[in-house]
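Novice: Below are the structure tokens for one structure; questions will follow.
Rule-based calculations on the coordinates, nothing more; no lab input. Note that the coordinates shown come from a computational prediction; the quantities given were computed from them, not determined experimentally. In this analysis, Cβ positions are derived from the backbone assuming ideal geometry, glycine residues included, and neighbour counts consider all displayed protein chains.
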Amino acid sequence: MGNKTNWLAIIAAAVVGMALGFLFYGALFQDVWMAGNGITTEGEGEAVKMFKNGTEVPVSSLPMIINTVAMVVYALIMNWLVEKMGETTWAGGAKVGAIIGFIVLFNTYVGNRFAANPTSLSLVDGGYALVLFAAIGAIVGGWRKKEA
């Protein structure tokens, strides 16, 4: 039994995951997410300053670097999981990913209840997890490496 990791699918899943993040946390729900986290900004372009609950926080590229690594790790784990479960189709991978995403959504909701964060924050973060893992699962489940 050979290596069944399709590295193009892993990379594509990571890129799609990041694009979904830009969509969720940028174009669609940026204001809701920022408000739920107590984040505000001042200034424009390169001069933008970010504040959390009134205290300035440094703007850093480190979260994006960590996110990139995390997306690759998610895709690799999902690849392993869909293989072990025999769900090596687009729909099968999406189903496995959606199950994982729902678990993360539920965990996010419970954690936010204890932290007294708004439900809207749980819906944005948890909804992203659900869509993210379903998409990653579909890509790595359906885009399999051809057997030699």
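Novice: Output the residues belonging to region 108-148 that are outside any loop (DSSP other than H, G, I, E, B) and of a type in the set (S, T, N, Q).
Specialist: Those that are outside any loop (DSSP other than H, G, I, E, B) and of a type in the set (S, T, N, Q): T108, N112, T119, S120, S122.
Novice: Which pairs turn up if I take residues in region 39-61 that are within 20 Å of F29 (Cα to Cα) and look for partners that are in a strand (DSSP E or B) and aliphatic (A, V, I, L, M) with beta carbon separation below 6 Å, at least 6 apart in sequence or on another chain?
Specialist: Close Cβ pairs satisfying both conditions: T41/M50; M50/V57; K52/I39; V59/M50.
Novice: Here's a follow-up. Out of the residues in region 62-102 that are of a type in the set (D, E, K, R) and touching a residue at least 12 places away in the same chain (Cβ under 8 Å), which is nearest to I39 (Cα to Cα)?
Specialist: Restricting to residues being of a type in the set (D, E, K, R) and touching a residue at least 12 places away in the same chain (Cβ under 8 Å), the top hit is K95.
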